[in-house]
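Quick notes on the structure that follows.
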Amino acid sequence: MSEAAEAGLRLDEFPLKTVGVINRIDWDLLGEGARRLRELGFAEGVEVEPLHRGFIGRDPLACRIGRMTIAIRRVQAAAIRVSPTPA
Amino acid sequence: MKAAPLVALVGNPNAGKSSLFNALTGARQKVANYPGVTVERRSGRLVLGDGRPVELVDLPGTYSLHPASPDEAVTRDVVIGRQQGEQPPAALVIVVDASNLDHHLRFAIELIGLGLPTVVALNMVDLAARDGLTIDAGRLSALLGVPVVETVAVRRRGLDDLRAEVERLVERDQAHVVTVPPEDPGVAARARLVARDAIQSERAGRHVTRAIDGLVLSPFAGPLILAAILFVMFQAVFAWSEAPIGWIEGGMELLAGAVSSFLPDGFLRNLLVEGVINGVGSVVVFLPQILILFLFILVLEAAGYMARAAFMMDRLMAGVGLSGRAFIPLLSSFACAIPGIMATRTIDNPRDRLTTILIAPLMTCSARLPVYTLIIAAFIPARSVGPGIGLQGLVLFGLYVVGIVGAMLAALLIRRTVARGAAGGFMMELPKYQLPRLGDLALGLWQRAWMFLRRAGTIIMFSTVLLWLLASFPRVPEGSPMTQSEYSVAGRIASGIEHVVRPIGFNHEIALALIPAMAAREVAVSAIATVYAIDAPDEETATLALGERLAGRWSLPTALAFLMWFVFAPQCISTIAVTRRETNGWKWPTFMVVYLFGLAYLAAGATYWSAVALGL
């Protein structure tokens, strides 16, 4: 597998209504928001599905994590790498 | 006498904690504040099967024992028995949302790790079933090592079982002080494992929430739906309140008539009719509007829509340096800035929160409505400017817009000066949609109505009566060219203020009304009413409607300047007090008062000068 495929796509660029798996989160990039994100269920190996975007500037982004819907901003989503789940 | 043992209700936000609390305690609730901090303490009495009472306290929704906000710090401190002024808990009731098990178990496992007597309320099992989830409560209990009770708070299911478990836990009747272990990074993974093990079957549910979100959050329909909801809400505030306002006015008239016929003409009758009934009555008529606004906010909140509104507004708010989370407090501020400012506690970024607090008073609160409607009715002709659009309504709408635009500009400036710093993020759970329970709505409305009536009965009545006394004495001598209100103590104080406000077009009566209006804005109306009632040369003039009398005495530029003043002026001591409490000191309330009075003076002045220049 190539390095790019392994790194996956940034969550903010991941297609809507597509289930993926978080393979890396750049916790340092998130700064003080890192812990809240973890508490909201974001973690490596967790399924994520982007669902909706805001109507201005496609920001923020609402995604399904487990059975919850969580809204985060694009800048935060950019710190999360997602791979498509194998069909 | 020993205090009843404390049982703490604790859990994630959106776990249905408050509904469970309401279901367990009914209307026997006390709402207070924790000393020194600005976190609301909701407590109520729960009587156990054996007749023993326990005090149940509903802690703010929290994600972990490692706090990020003052709310969460209090939750942790109460749980571990270190909150000042609170006895250590005899037991914990951990509320988890059955349909969000893997997520909510994270905090539950952290709490169970403290080793306190604990029961888990597996709440909203009906919603989980709707989503196609079957959970083995017995298996979950075995995995967690504590009893698990299935509940549906909104349907009153499982309450007796829960009460029985609490009864067993507080048997030993001893309080516990514990310490928080260091943060464990593996707890989330463990929670997911336990959840997977306890979930018996999982099939595709009906995904009601997902279907609704598909429409409500869509880039085209979403903003339109939000705008329509807000439009209907503000429309309803005026349309639905007409009839009840009429009843209250009628009631007040009857009361005034009854008092007049029972009491002889004299000091007591004047005090009661002019001071108490007129003064308080002119404020109480706005109860229907406040309640309608809060009804909408409570329904939207309970149904789960508010978080969606915050989601859609986030990008706009980010434009002025705030986040979508600020939307809910600001919307509440249209009813009253006090609950609005208290609602900013959910904003975890301190600079975002401070900015939101500072601009909240610019949202047109319902206390301004008495002032606005009076002046508009008196000075703005009731003619149509387009199909279905009246000029009066348009002016009122304009005042709302001026407040909102002013708030956004103020936020922009504040965020670049006194609250400078990196933008906080926006992370928010969008809860599942739910039908709100009528009982919860009724209780929420009742608590707000009671708060308003208590204010009307104390602060507003006190300041109206005090003004009546100050404006009535000393009596003006026979044949003096001065009116009674000018000659009185209040009149002399107002003369001093008049020097300052004359340049922006304010007259002596307005100067006089501004002082008691510091207690509450709406008192401006009752103050002017009181002054006219005192000055009225005869009974006939005294019964003339206030608006008609104003129209004859104020110029249009003065009236417009008066309106603009009330858009900006921080005319309410309670707001200043709550800001002091929420920001822990006098620095920010002082800043708020100065910048808002400055804005009010400039805006009123600019309005007056340009209106005069235009020859209005």
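No value in this document is a laboratory result; all are computed from the given coordinates. Since the model is a prediction, treat every value here as computed from it, not as a measurement. We place every Cβ from the backbone using ideal geometry, glycine too, and count neighbours over all the protein chains shown.
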Among B:Gly598, B:Ser610, B:Leu268, flag the residue with its Cα farthest along the positive direction of the charge dipole of chain B, charges on Cβ as +1 for Lys/Arg and -1 for Asp/Glu. B:Gly598
For a Förster distance of 56 Å, can you work out the FRET efficiency between the beta-carbons of B:Ser610 and B:Arg130, rounded to the nearest 0.05? 0.40
Could you list which residues have their amide H under 5 Å from that of A:Val48, counting only those 5 or more apart in sequence or on another chain, with H placed in the peptide plane? A:Gly20, A:Val21, A:Ile22
Between B:Glu150 and residues 5 or more places away or on another chain, which pairs have amide H atoms under 5 Å apart, with H built 1.01 Å from N, and which residues are they? B:Leu122
Under the Karplus relation 6.51 cos²θ - 1.76 cosθ + 1.60, θ = phi - 60°, what is the ordered set of whole-Hz ³J(HN,Hα) values for segment B:109-126, x standing for Gly and Pro? 5, 4, 5, 4, x, 6, x, 7, x, 9, 10, 9, 9, 7, 8, 6, 5, 5
Hz values of 3J(HN,Hα) by residue in segment B:302-309 - Karplus curve (6.51, -1.76, 1.60), Gly and Pro given as x: 5, 6, x, 7, 4, 5, 5, 4
Cα→Cβ-extended label distance, 7 Å offset, between B:Asn584 and B:Gln29, nm: 2.7
Going by the alpha-carbon gyration tensor, a ≥ b ≥ c the square roots of its eigenvalues, is the protein assembly as shown rounded (a/c under 1.5) or, if a/c is not under 1.5, prolate (a/b greater than b/c) versus oblate? prolate
Exposure proxy ranking, count of Cβ atoms within 10 Å, fewest first, for B:Ile504, B:Ile80: B:Ile80, B:Ile504
Going by Cα centres, segment B:156-232 and segment B:114-139 are how many Å apart? 9
Fewest-first ordering of B:Arg45, B:Arg521, B:Arg475 by Cβ atoms within 10 Å yields B:Arg475, B:Arg45, B:Arg521
Taking segment A:3-84, the equivalent ellipsoid from its C-alpha gyration tensor has semi-axes in Å, biggest first, of 16, 15, 13
Residue mean of other protein chain beta carbons inside 10 Å, B:304-313: 3
First select every other residue whose beta carbon is under 12 angstrom from the beta carbon of B:Ile534; then total the charges, Lys and Arg +1, Asp and Glu -1. -3
The relative contact order of segment B:373-487, taking Cα pairs under 8 Å that sit 6 or more residues apart, comes to a percentage of 10
Among trypsin sites (Lys or Arg not before Pro) in segment B:357-451, those in a DSSP loop whose Cβ has at most 14 other Cβ atoms within 10 Å are B:Arg383, B:Arg420
Run lengths n ≥ 4 of DSSP H only: what is the helix-derived mean residue ellipticity at 222 nm for chain A, with -39500 (n - 2.57) per run over all residues, to the nearest 500? -4000 deg cm²/dmol
Spatial extent of segment B:90-181: Rg and Dmax, with the Cα atoms as the point set, Å: 13.3, 41
Return the average number of partner chain Cβ atoms within 10 angstrom of each residue Cβ along peptide A:67-80. 6
Whole-Hz Karplus ³J(HN,Hα) for segment B:505-521, in order, using 6.51 cos²θ - 1.76 cosθ + 1.60 and θ = phi - 60°, x for Gly and Pro? x, 7, 9, 4, 5, 5, 4, 5, 6, 5, 5, x, 5, 5, 5, 6, 4
Please give the contour-minus-distance gain from B:Leu413 to B:Glu548: 0.36 nm per residue of separation, less the Cα-Cα distance, rounded to one decimal in nm. 44.5 nm
Taking each residue of A:32-45 in turn, how many C-beta atoms of other protein chains fall within 10 Å of its C-beta, and what is the average? 5
Net charge dipole size for segment B:462-612 [Lys, Arg +1 and Asp, Glu -1 on Cβ; Debye, nearest 20]: 720
Interchain or long-range residues, amide H under 5 Å from A:Thr69's placed H: B:Leu430
With a Förster radius of 41 Å, plug the Cβ-Cβ distance of B:Val177 and B:Asp197 into 1/(1 + (r/R0)^6) and report the FRET value to the nearest 0.05. 0.80
What ranking of B:Trp588, B:Trp565, B:Trp554 emerges when the number of other C-beta atoms within 10 Å of each C-beta is taken as an exposure proxy, fewest first? B:Trp588, B:Trp554, B:Trp565
Round to the nearest 10 and give me the degree value, 0 to 90, for the angle of helix B:489-501's Cα axis relative to the longest principal axis of chain B. 80
